[in-house]
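The structure appears below as structure tokens.
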Amino acid sequence: MHDIKPNAPAVLFLCLGNICRSPLAEGAARVAFAAAGIDATLDSAGTGDWHVGHAPDRRAQAEARRRGADISDLRARQLAQDDFYRFDLILAADVVNLREARALAPPDATARIRLMLDLVPGRQGGSVTDPYYGDAGGFAATWDDVSAVAAALVAATSSG
Ligand code: 4NP
């Protein structure tokens, strides 16, 4: 994909609270990039500030651990203006986060802003559903989605 640097891409995953979807996406991407031997700058943030400083939701941590990723060290933070320059790509979990990020983006932002699932064939325009108010099954579905995103990112990076 032309908007990802072939080496050492910098990708920010974005959701609402930064305690469920985007930390899971960061965890899946960490695992996928490490497995591919590609150096990447990976981070996550939320558009909201309710959970700033908090570790990922326990259910998210448990699902990540079950899939081989430790996300217990992550701490929620809110999307900041310098993110629009520091990252090549900002990937939003859903259309609300996407709209919010685009509204906050400075006119000279260098980051491209896309939906996470835009990278996944057949899922373009789709949203990663918020599992926060559901049961554990929702977190498994979220992991499936974000790991498909991570695999597509690695493939796009590897192919330059
Ligand atoms: P996330 O899920 O955006 O995937 O982190 C949420 C977590 C918390 C809230 C909303 C969504 N909340 O309203 O507190």
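The values are calculated or read from the model by the stated rules, or taken from the named source; none is laboratory data. All of these numbers come straight from a predicted model, not from anything done at the bench. Cβ: placed from backbone, ideal geometry, glycine included. Neighbour counts: every protein chain shown. All accessible areas refer to the heavy atoms of the entire protein, side chains included, with ligands and DNA or RNA removed. Shrake-Rupley method; radii C 1.70, N 1.55, O 1.52, S 1.80 Å.
Identify the residues of segment 77-98 with backbone N under 14 Å of a label point that sits 7 angstrom from the Cα of Ala8 along the Cα-to-Cβ direction, or state none.
87-88
What are the DSSP H helices in the chain that stretch 27 Å or more along their long axis, judged by alpha-carbon atoms, and whose average Kyte-Doolittle hydropathy comes to at least 0.0?
Correct list, ordered by number: 136-158.
Hey, got the dipole for segment 11-155? About the Cα centre, +1 on K and R Cβ, -1 on D and E Cβ, debye to the nearest 20?
Roughly 180 debye, rounded to the nearest 20.
With a 1.4 Å probe and all protein chains left in place, how much of the accessible area of segment 45-120 comes from carbon and sulfur atoms, in whole percent? Let's see the in-between values first.
Values: 1890 of 3830 Å².
The C+S portion of the solvent-accessible surface of segment 45-120 is 49 percent.
Name the chymotrypsin sites (Phe, Trp or Tyr not before Pro) in segment 98-145 that are in a loop by DSSP and that have at most 14 other C-beta atoms within 10 Å, would you? Walk me through the numbers before you get to the answer.
Details: sites: Tyr132, Tyr133, Phe139, Trp143; in loops: Tyr132, Tyr133.
When the chymotrypsin sites (Phe, Trp or Tyr not before Pro) of segment 98-145 are filtered for loop state and at most 14 Cβ neighbours within 10 Å, Tyr133 remain.
Measure out, as a whole number of angstrom, how far apart the alpha-carbon centroids of segment 106-160 and segment 43-105 sit.
12
Semi-axes of the chain's equivalent ellipsoid from the Cα gyration tensor, sqrt of 5 times each eigenvalue, largest first, rounded to whole Å? Before the final figure, lay out the partial values.
Numbers: eigenvalues 88, 69, 42 Å².
Sorted largest first and rounded, they come to 21, 19, 14 Å.
Hey, can you grab everything whose amide H is under 5 Å from the amide H of Gln78? Only 5+ residues off in sequence or another chain; H modelled, so Pro and N-termini drop out.
For Gln78, whose amide H was placed from the backbone, the distant partners under 5 Å are Gly46.
What residues qualify as long-range amide H neighbours of Ala92, i.e. H under 5 Å apart, gap of 5 or more or another chain, H built at 1.01 Å from N?
Leu14, Arg114, Leu115, Met116
Using 0.36 nm per residue of separation minus the Cα-Cα distance, give me the extension gain between Ser159 and Ala103 in nm, one decimal. Mind showing how you got there, number by number?
Details: separation 56, 0.36 × 56 = 20.16 nm, distance 3.11 nm.
Value of the extension gain: 17.1 nm.
For the pair Arg112 and Ala62, what calculated FRET efficiency results from E = 1/(1 + (r/R0)^6), where r is the Cβ-Cβ distance and R0 = 41 Å, to the nearest 0.05?
0.80
Over the chain, give the accessible area per residue in Å² for a 1.4 Å probe, as an integer.
Computed with neighbouring chains in place, this is 45 Å² per residue.
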